[in-house]
Amino acid sequence: LSYQYGTGVKADLDEAIRWLQTAADQGDGDARKHISSLEKERKIASQPNAIPDAFHGEWNEDGNACGTASNDSKLVISESRLSFWESDAFVKSLQINNPRSVTVTANYTGEGQNWSGTITLNLSRSEQELTIDDFTRYKCP
């Protein structure tokens, strides 16, 4: 996992898969499952402007507001777009910092204005909490 997350070494999905394959070849079933997940990450990494699947979906500060428009903190993320309040952001470039952190540069439009900006999206280990700056949202079911 050190190579996957860049813990003590430079992050390298190919090297992580190689080490996990060694474990899988020795009968480690968890390693086999993890290889599948990393291969998906590697595919996403080859699509430089695609936000990884783990970030997709509706995120909200209040879980009771999921699926409604009753909370201003609602954020919907797809492969190439972030939608929030009365605005949309279209991904211009993306940097994968690690499997749970991406930096998105996007062109924003909303409320009669257009602008560009960069944000970093950080997922918790459980992938159920998304933090941007100091603001945390929770994944809606």
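Given a 1.4 Å probe, how much area per residue of the range 83-141 is accessible, in Å²?
Heavy-atom SASA per residue in the range 83-141 reads 60 Å².
Rounded to two decimal places and with Rh computed the Kirkwood way over Cα pairs, what is Rg over Rh for the chain?
Values: Rg = 16.9 Å, Rh = 16.4 Å.
Radius of gyration over Kirkwood radius for the chain works out to 1.04.
As an exercise, use a Förster radius of 22 Å and the Cβ-Cβ distance of D133 and N64 to find the FRET efficiency, rounded to the nearest 0.05. Working shown, then result.
On the way: r = 23 Å, r/R0 = 1.06.
My answer for the efficiency is 0.40.
Scanning the chain for trypsin sites (Lys or Arg not before Pro) in DSSP loops with at most 12 other Cβ atoms within 10 Å, what's the longest stretch left with none? Let's see the in-between values first.
Numbers: sites that count: K10, R125.
Segment 11-124 is the longest.
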Counting Lys and Arg as +1 and Asp and Glu as -1, what is the net charge of the other residues whose Cβ lies under 15 Å from the Cβ of W85?
-4
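For D53 and T109, what is the calculated FRET efficiency with R₀ set at 22 Å and r taken between the beta-carbons, to the nearest 0.05?
Details: r = 25 Å, r/R0 = 1.12.
After rounding, the FRET efficiency stands at 0.35.
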Fraction of accessible area attributable to carbon and sulfur, the range 51-139 (%, probe 1.4 Å):
42
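Could you count how many Lys pairs in the chain have their Cα atoms under 21 Å apart, skipping same-chain pairs fewer than 8 positions apart?
Lysine pairs satisfying the spacing and distance rule in the chain number 6.
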³J(HN,Hα), Karplus 6.51/-1.76/1.60, whole Hz, each residue of the range 92-101, x for Gly, Pro:
9, 8, 9, 10, 8, 6, 6, x, 10, 8
As I understand it, the value is the acute angle between the Cα axis of helix 29-45 and the longest principal axis of the Cα atoms of the chain; what does it come to in degrees, rounded to 10?
50
Modelled label-to-label distance, N71 and S83, 7 Å Cα→beta-carbon offset: nm?
1.8
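The values are calculated or read from the model by the stated rules, or taken from the named source; none is laboratory data. All figures in this text were calculated on a predicted structure; none of them were measured in a lab. Ideal geometry is used to build each Cβ from the backbone, glycine not excepted, and the neighbour counts take in all protein chains shown. Note: accessible area is taken over every heavy atom of the protein model, side chains too, but ligands, DNA and RNA are not part of it. Shrake-Rupley method; radii C 1.70, N 1.55, O 1.52, S 1.80 Å.
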